[in-house]
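As structure tokens, the structure follows; a few thoughts come after it.
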Amino acid sequence: MAPAMTIPGRKRRGIQTRVVLLVGIGILAALAIFGGTSFVGFNSLTERLAAEREMLARSIAAHLDYVVRSELEILQGVSGTPGVDLSDRDPSPEQSALRTAYLRSRLFERVFLIGRDGAVLLDEPSRPAGGGAPTPPQGDVGVALQTGRPVISDLTEAGGRRRLYLLVPMRNWRGQVVALAGGEVDPEASRFVTILEPYRLGRTGITSLVDSTGTVIAATDASRRFRPSAHPERLGAKIRSREPVVEVDAEGDARTVVAIAPLLSAPWAVVMLQDEAETFAQGRSMARRVLWLGPALLGLALLFALGAARSVKRPLALLTASAERIASGDLDQPIPRLAEDEVGRLGGSLERMRVALRTSMDTIARANQELEQRVESRTHELQGLYRQLQEREQWREELLRKVISAQEDERKRLARELHDETSQTLSALAMKIETALAAWPQEASRDRLVEAKALTVRTLDELHRLIFDLRPSVLDDLGLLSAIRWYAERHLESRGITVRCEFSGIETRLLPELETALFRVAQEAITNIAKHSGAETVLIQCFEHDDRISIEIEDDGKGFAPEDLPPPAARERGLGLLGMRERIELFGGTIEIDSAPGRGTRIAVAVPTIQEVGHAQDSRPNRG
């Protein structure tokens, strides 16, 4: 051990020199690599900046998609308003529905109904016939009537007026398109002109909204509005492809970064233009900082290396050799006593560790033999129990799936029978009473017949509400988010409860089974709020993050203590909560219920994303 304890001064100086030299060479090599990769990093930063610009364009497009979808849902609500029936002679329900849609809209200057012949039947605000009001292009009207899908027009100009139109088909109880609910947007109105004002980009940046023909319909720079954009054919192709893109457009000495993000709900796209120098100013500033940061890091690293080399003392080699012996399993040779300093205390601790480790290994060796025998016996028992548990869980899940599927099928059947048979019978009864009223003499006994007609109409409206509650057509036609919004507004706002919906990130349809399960969970939560919470405000949030769909429903009602609820076998209230949990767990999701007396209730649902393949909405049956 003497050679290990005594290290010649020449050896010491060599170690110190080598440490400094090696650290210096390493830092130089790292700086050389850093300098070489800094240019690659600059390119990577440029790509990230471009990706952020694309993300910003997509975010703006998503916001505009939300606005357009909200307007389409408002038009969709016209056909779902109780009493709306174009086959009768009473235009009052239709006019009231148009008035409601006009007041709820953020963009519409006018809301109207168009018949199968393309003529405007009703509008709000009402305009006299032949008053010169703009009308949608007949081509867009024909497409909406033939395909039965919503249609959003490009910028149209007639009689010196520029307009945009949104058209939504209205169906009768047979699923036939009988009319169109339309909204007229004035792109020169302040409510539309300011839609892109929050998205101004620096000194040279311009954000604009263009239609499929390449015409700018809104822009942060007023001089660009209603002018054709550069390369309209190429821009139209990118809008049709529905894929966002970022590219650099060079014209002469000027280079412009162009970010294009098509909208999903309309044949429009968000186009963001900004000078390349302003866009990538951050990356170029970073490259300049790299040039002077390298030498400073080299000097600092050399100083630290010199200090570290001088702190390496002779006991280090001894402790290293002793640690290697212990690591190899040699626990018999003790560690020599060192000086009373930090390294000496480390040596003493290492010696105590060696003694304790030797004692422990002997004890562990004996305990391992006994433990292995016990583990082997318990493992066999647990494997058998685990197999039984897996089989029972599979049977339970399969039975639950069949029960839920049978429930949904029965709901559809009941809704269809009520709509096709009972609803028709009540409608016929109302018409018979109306016919009898027309022929009845003006006497006092006529009042009972009038009361019978009113009772029949109320019964028909209640039946329609029951049909929509059993299986709302908006779930099949517009998807999960629209169905949740419709159900919340229908059942909460009518009770004076304020509802706020915040939806983001969900751009495609999900599997019908998953959409149905999520809607039923939201339906149960909303129903519980309406019946038991006493809330004044309800917040509903739906978003997609990390391949998971999340729905959160929160109210400011009186709340409850979940732990105080009796078990399912001893109560009626709470079975809905159990059903919600069972539905979500079938799809591998989770549900959390956070509530306390006087603090409201929050229900959070998260399930893995399962999206439909292709345009699944095209294959779904339409119902009136």
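Observations on the model:
- Filter result for Asp211 (touching a residue at least 40 places away in the same chain (Cβ under 8 Å) and open to solvent by less than 70 Å² (accessible area, probe 1.4 Å)): yes
- Checking Ala62, Ala50 one by one, the residue that is at pLDDT below 90 and among the aliphatic types (A, V, I, L, M) is Ala50 and no other.
- Filter result for Gln541 (open to solvent by 10 Å² or more (accessible area, probe 1.4 Å) and in contact with a helix residue (DSSP H, G or I) (Cβ under 8 Å, 6 or more places away or on another chain)): no
- Selection of the range 209-253 for residues being of a type in the set (Gly, Ala, Ser), more than 17 Å from Ser153 (Cα to Cα) and not in a loop (DSSP other than H, G, I, E, B) yields Ala219, Ala222, Ser223, Ser241, Ala250.
- Looking only at residues in the range 196-207 that are farther than 17 Å from Tyr66 by Cα and in contact with a helix residue (DSSP H, G or I) (Cβ under 8 Å, 6 or more places away or on another chain), the one that is most open to solvent (accessible area, probe 1.4 Å) is Arg203.
- Across the range 173-195, the qualifying residues are those that are open to solvent by less than 10 Å² (accessible area, probe 1.4 Å) and not small (Gly, Ala, Ser), and the one among them that is nearest to the chain's Cα centre (by Cα) is Phe192.
- Here is the figure for the range 483-526: residues that are open to solvent by 10 Å² or more (accessible area, probe 1.4 Å), more than 20 Å from Thr590 (Cα to Cα), assigned to a helix (DSSP H, G or I) and touching a residue at least 40 places away in the same chain (Cβ under 8 Å) total 2.
- Residue match in the range 337-349 (condition: open to solvent by less than 90 Å² (accessible area, probe 1.4 Å), in contact with a Lys or Arg (Cβ under 7 Å, 6 or more places away or on another chain) and not in a helix (DSSP H, G or I)): no
- Considering Ser70, Ser92, the condition of being modelled with pLDDT of 85 or more, open to solvent by less than 60 Å² (accessible area, probe 1.4 Å) and not hydrophobic (A, V, I, L, M, F, W, C) is satisfied by Ser70 alone.
- Every residue from the range 122-136 that is modelled with pLDDT of 85 or more and crowded, with 17+ Cβ neighbours inside 10 Å: Leu122, Asp123, Glu124, Pro136
- If you go through the range 151-166 and keep only what is under 15 Å from Leu107 (Cβ atoms), without any contact (Cβ under 8 Å) to a residue 60 or more places away in the chain and either under 31 Å from the mean Cα position of the chain (by Cα) or open to solvent by less than 10 Å² (accessible area, probe 1.4 Å) (or both), you end up with Ser153, Leu164, Tyr165.
- 1 or more residues of a type outside the set (Lys, Arg) and over 23 Å from Ser87 (Cα atoms): qualifying strands (runs of 3 or more DSSP E) within the range 100-181: 108-115, 156-158, 161-171
The values are calculated or read from the model by the stated rules, or taken from the named source; none is laboratory data. Because the structure is a prediction, the values reported are computed rather than measured. Please note: Cβ atoms are built from the backbone with ideal geometry, for glycine as well, and neighbour counts cover all protein chains shown. With ligands, DNA and RNA removed, areas are computed over all heavy atoms of the protein, side chains included. Shrake-Rupley method; radii C 1.70, N 1.55, O 1.52, S 1.80 Å.
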